[in-house]
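This report concerns only the one structure given below.
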Amino acid sequence: MKNPNDTHKYNAKSCIEAINNKLRKDGTYPMCKGQNVKINNFHFMNFVKYFDLKSNERMCFVFDKQAKQPQYRYSQQVIDFIYEEIKKNPETILDDLREKLKLKKSGSQP
């Protein structure tokens, strides 16, 4: 068993910073509502929810699942995955995920 402190080094904030740094370095500018934006916690959590990343042990490790507020830590794979998804469609991915999650929540299928 590998140490999750080594394999899942990132909290949400550090993931967001790493994703934004990778996007900035290669000149990719994600858009939300027609405006260039930096990825923020709302966007990050939309990826986590839509792709169910918290249930993937390679992507997310949960410290103290029994706690009222469990601590989630993420691997480098989450950063790379979200980065690659944004690269595929930076113009609409953030808006698309938000809409798909709304439909999912209301019981409609995207």
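The values are calculated or read from the model by the stated rules, or taken from the named source; none is laboratory data. Nothing here was measured: the structure is a model prediction, and the numbers come from that model. Cβ coordinates were reconstructed from backbone atoms using ideal geometry, including for glycine residues, and neighbour counts include every protein chain displayed. Heavy atoms of the whole protein, side chains included, go into the accessibility calculation; ligands, DNA and RNA do not. Shrake-Rupley method; radii C 1.70, N 1.55, O 1.52, S 1.80 Å.
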*Among the residues of region 54-70, write down those that are among the acidic types (D, E) and either open to solvent by less than 30 Å² (accessible area, probe 1.4 Å) or on the phi > 0 side of the Ramachandran plot (or both).*
D64
*Can you name the helices (runs of 4 or more DSSP H) wholly within region 1-91 that have at least 1 residues being more than 26 Å from K105 (Cα to Cα) and either in contact with a strand residue (DSSP E or B) (Cβ under 7 Å, 6 or more places away or on another chain) or of a type in the set (D, E) (or both)?*
4-7, 12-26, 76-88
*On the given criteria, is E91 of a type in the set (D, E, K, R) and in contact (Cβ under 8 Å) with a residue 24 or more places away in the chain?*
yes
*Which ones in region 71-92 are over 20 Å from S55 (Cβ atoms), open to solvent by 50 Å² or more (accessible area, probe 1.4 Å) and hydroxyl-bearing (S, T, Y)?*
T92
_Can you find, within region 1-44, the residue that is most open to solvent (accessible area, probe 1.4 Å) among those that are within 18 Å of N89 (Cβ to Cβ) and of a type in the set (V, I, T)?_
V37
*Within the group F47, F51, which residue is more than 18 Å from E91 (Cα to Cα) and either open to solvent by less than 30 Å² (accessible area, probe 1.4 Å) or within 11 Å of the chain's Cα centre (by Cα) (or both)?*
F51
